[in-house]
Structure formats: C-alpha cells, structure tokens
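In what follows, a single structure is set out as structure tokens and then discussed.
The values are calculated or read from the model by the stated rules, or taken from the named source; none is laboratory data. Bear in mind the structure is a predicted one, so any value in this text is a computation, not a measurement. When we count neighbours, we look across all protein chains shown, and the Cβ atoms used for this are built from the backbone with ideal geometry, even at glycine. Side chains included, ligands, DNA and RNA excluded: accessible areas come from the protein's heavy atoms. Shrake-Rupley method; radii C 1.70, N 1.55, O 1.52, S 1.80 Å.
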Amino acid sequence: MNTDMSHPVAAIEVQGLYAAYQRQIVLENIHLTFPAGKWTAIVGPNGAGKSTLFHVLTGSMKALQGSVNAFGEPIVKHRRAGQIAYMAQREAIEWDFPVSVWDTVMGGRYGHMRDDVLWRRLLPARWHHARHTEAVEKALIAVDMLVHAERPIGALSGGQKKRVLLARALAQQASILLLDEPLAGVDPPSEKLILAVLRREREAGKTVIMVTHDMPGARRYVDHVVLINRFVRGTGTPEDMLSETKLAELAVSSIEQTTTDRQTVPAASFSPEQG
Amino acid sequence: MVDSMLIIESFSDALISGLIAALMTVVNLLPSSVSEAFQYAFMQRALLTSVLVGAICGMLSCYVVLKRWSLLGDAISHAVLPGVAIAYLLGWPFFVGAFITGALTSVGIGAIERNTRIKSDAAMGLMFTASFALGVVIISKLASSTHLMHILFGNVLGVRHSALMLTFVASIIAILAVWLAYRPLLLYAFDPQQAQALGFNTQVIHYGLILLLTLTIVASLETVGIILVVAMLITPGATAHLLTDRFKTMLLISVSIGICSAVIGLWLSVVFNVASGGAIVLVAFGFFIMALLFSPKQGLVLQQWRRRKMG
C-alpha cells in the first residue's frame, strides 16, 4: 500500500486536509502530492493558508481533518527522526534572544542528539559527537556565515538572518526542506546565494518545498508549482502554473473569496486532479 | 522501608549541615561586623534557604523573561495559595496542594483562552485572582492572620528545619531538570515551532516548565512569600538579559544575582529589622537599575555618552 509502489514516490502527501484558526477555516479539502527529490514552489496571495499548511506539516498546528504522510508513512515519524527541516519566516523568530549564530544553527541538530548516548547529551554541544559540529560548520560555510559564527543573532542584517535560518535547516541534514518565504526581504547577493544552496540541495536528492512570492525566481528554478488560496487552485509545471492568466485567476480567486467569504462553493469541485 | 527513610533523612541532614558549614566558612571570611549576624542557627538556616531560593529563582527567571511568562508566573504564584491552605488543612506537604491548584489554574487559563473569545491576559487575571481569593477565604477561616502574612510575604528568619529540607529537595529537582532538559527547554523558549518540527513534544515541555515554576514558587514560599516571589522570577533574568548575548552566561549571571540579592537582602533585613522578602526584592531591583544604567551594550549611561561623542 505504501513505499514500494513503482511510480514516483511522494515525499509528502496531503489528503483531505482542513485547517482553521480559531473558528475560521483557512485550508479546505487540500489534496496535494509533493514529489520526492524535486523543488516545489507554493504560490498564493497573502492569507491564502500557505504558512498554515507549513504549520500543519511541522506539527505546530493540528488539522481539523485529513492526513499528512511522508514517504508513505505518517509524517510525525519522520519529524521524530529529524527528517523534516523547517525554515521559519524572519518575523517568527525572537532576534533579541541571547544566542550566537553558532548556537542557533546547532539547534538544527537537537533532534539528532536524541540518538546520542545519555552522558554525551549532558555535555555542552561543543563536546558532543563530532558529526554535529561538522554539520554546523558545513551549513555555515554553505551560507557563507562561518566568520560570523560567534556573533549574537540580534546583530545580523536582514539577509544574514535569513542565511542563519537556512543554515539551521541545512545542519539538520534532513531529507525534506520546508522553507517559508526564504527569499522575502533579502538583499540580492543573499538571494543568489540562497537559490544556489537550494539548487545544490535538490541536486543532492533532497525534496525542497518553499513558499514564495518571487515569480521570476520560481519560473527559473523550481520543478513543480502549487497554487493555493484556501483550496488548491492548481498544480503543475512552472510554465503552466505561473502564466499570466493563471496568476490573474489566482488573484481573482482571492477577491471572490473575500466577497463570498463563508458561503463557499462545494469543496469537492475544487479538489485537483492528482496523477 | 522505615529504615531506608531514616537513612535518607539522616543523609540529607548531614548534607544540609555540610552545606551550612561550607557557607559559614565563606561568611566568616567577611568582616566580623557582617559575619556576626550569622552566628545563630536560625540565621544559618535562613542563609542557606536564601541561597537556594535565589539560585533557582534566578535560573527559572531566564526562561520566564525570554518566554514572556512574567504574567503567568504572577498567576501561578497567586494560584498556589488555596493549595497551600488546603494542604495545611489536610496535613499534606505544602507542595502537593500548591502544585495541584497551580496546575489547575494554568490549565484553566489555557482552556478559557482556547475555547472562548476571552484573551489570555484577561483569562490569567480572572483565574488567578479567583484562586487567590479562595485561598484568602480558606485561610481566614482556618489560621491566624500572622500565618497568612507569612505565606504572603515570607518569613525567612522563621524557617524551620522541615521547610529548609523542602527547599533543598525542590532546588535539587529544579537544577537537575534544567540540566537534563537543557536543550529542549532552550529550543522551546527560542522557537517552539522549530521544536515541534524536530519532533519534540512541546506540550510536555510546556507543562514541565509550568511544573518547575510551581516547584520554585513553593520552595520560595517561606523566604520571599507568594506575592514577592514573582519579582525574583523576573528581576534576575531581566537584569542578566541586559548584560549578555549568551544564554549560558545569562543563566550564570541571573543565578548569581538571585543568590546575591537573597543574601544581601537577608543581611539588610536583620541589620535594619525590616521584612526580609521586601529587602531581598529591593536589592534585586537595585541590581537591575545598575545594569540598566551601566550595562556595556544596553546601558543608558554609555548610550548617552556614545551619542554625545558622536554628535
């Protein structure tokens, strides 16, 4: 029933997902497949439920209904195995928090440290197994932040903060990367660097899933696009999904949604055709 | 069974006398005008209690400040009162009753917040005042008002051996818990969503931290009292936050400030014959003001000076 099916494996498969904030439905009847080893962009207007989808995938929000599988098994199993890396939006982090860049990136290793023997876990991270230090170093080199390792995170520029968050996700060495707007508000050099890092990750066989508003970037780099606005509004190649007409439809859908608001069209009619 | 209890008891007795002896060697290095006050057994008990309470309050205050839990700390400390009263009535250890009402209140706050349109600050204010009121009512029926005053404002000079023992055990549990769960706690305080994504059970961490807070509050009952303990759960952490950009250093500074304020406050309260809880909190606040003015990075004085130099 699950992993040994012959057609392309789904890294993440979402089925019949409903999610709500307070009592307001944000995601309705979501059926989605994120292909393994591919780079997917999630596109949609503000308030479309993209971040909510990530909250459900990372487990910080409970779905009202529906299931989420990773590689054919409940996603929670992969979370516990440290296989789901998550890069939050910059606003979600308390930058005044008294930690250094190094400590922050080491946070990405905390999941794997549960596998270490007990006495090691009681020591400071630096005296831990060398594989953790190596992973952190490698991640910091990848985002070009090793020289800033000892700085407090509050002292970084906007682009550097994003790169630190990316490094934390990389240090986890997970098979699935979830990135919430990795390119929002970064300077051009950082943007170039982040895109190059993500491309390398995809080439290394990782599944990269990112929320983005950057259409030119998405057109150039990603393999697969998901349009979302409360419902799934389309899935397919960047050429098909990011065409002017498709994006215009998506924009209209958000206006419609605000006017019709709660009396929505039957959910079933929107479920996308999945191959 | 009874034998092993006796062994544990005599062992911890020996441990406590050892700790007091160690503290006294340090105190005796001070000028005799200071160390004189600490020659009585009740003062030595008070001293050890203060050191322990200062240390664990300082430790927990880092989490309280960074997690923005100041109001929650206030809520739990008030909510503990009816539990203490009921425990007193039934002859239970204070901690059991205090923990039950403290935990019930925090669960109640969460439930109201999630299921109604009432916001969290109102939910906290509502629950903890009600709980506190219940405590006042029960105690007014049961015990003398001096007893109530001691619970509310602490009476470190009257600390009995059994209370010192409770504080001692609570401190060891709190320190061990923070050490063992150092990483999950840090990650939860810094970025709960990341903690979730890494598969940590944030519910367990959340309620574990509340449990630790309750434990600390109960341990501090006799020293600073219910009302003022919240000051010790905020001030040392806030002061340390002004002084460093490293979490471990913050813990260290905060614990040191907690201990120093408790000891200096205790000494001042004896010398000037004033309430010990109040004296301890005022000393801690003094440390905060010093940090606010003279911290190398955040200090107002240096900021002004730099601005003037620039302009």
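Annotations
- Relative to the longest principal axis of the Cα atoms of chain A, helix A:188-203 runs at roughly 80 degrees.
- Long-range amide H partners of A:Ala184 with built H, under 5 Å: none
- For the stretch B:203-311, applying the loop criterion from DSSP together with a ceiling of 16 other beta carbons within 10 Å to the chymotrypsin sites (Phe, Trp or Tyr not before Pro) yields B:Phe272.
- Neighbour count of at most 11 Cβ within 10 Å plus DSSP loop: longest trypsin sites (Lys or Arg not before Pro)-free window in chain A: A:63-261
- B:Met24 sits among other residues whose Cβ lies under 14 Å from its own Cβ, and their net charge, with Lys and Arg +1 and Asp and Glu -1, is 0.
- Cross-link reach is defined here as a Cα-Cα straight distance under 18 Å, omitting same-chain residues fewer than 8 places apart; for A:Lys192 the lysines meeting it are A:Lys161, A:Lys162.
- Computed on the Cα trace of the stretch A:95-173, the radius of gyration divided by the Kirkwood hydrodynamic radius gives Rg/Rh = 0.97.
- Contact order relative to length of the stretch A:95-173, as percent, for alpha carbon pairs under 8 angstrom and 6 or more apart: 51 percent
- Computed as a quarter of the hull surface, the mean projected area of the alpha carbon convex hull for the protein assembly as shown stands at 33.9 nm².
- Helix A:244-260 and the long axis of chain A differ in direction by around 80°, with both axes built from C-alpha atoms.
- Cα centroid of the stretch B:219-286 to Cα centroid of the stretch B:110-163, whole Å: 21 Å
- Net charge of neighbours whose Cβ lies under 12 Å from the Cβ of B:Ala240, counting Lys and Arg as +1 and Asp and Glu as -1: +1
- Neighbouring partner chain Cβ atoms per residue of B:197-208, average, 10 Å criterion: 5
- Degrees between helix A:130-142 axis and first principal axis of chain A (Cα, 0 to 90, nearest 10): 60 degrees
- Each principal axis of the Cα cloud of chain B was evaluated for its coordinate range; sorted largest first, these ranges are 63, 55, 38 Å.
- Overall form of chain A: prolate. Here a/c, set by the Cα gyration tensor axes a ≥ b ≥ c, is 1.5 or more, and a/b is the larger of a/b and b/c.
- Three-way shape label, the stretch A:146-199, alpha-carbon gyration tensor, a/c 1.5: oblate
- Rolling a 1.4 Å probe across the protein heavy atoms gives the protein assembly as shown an accessible surface of 46 Å² per residue.
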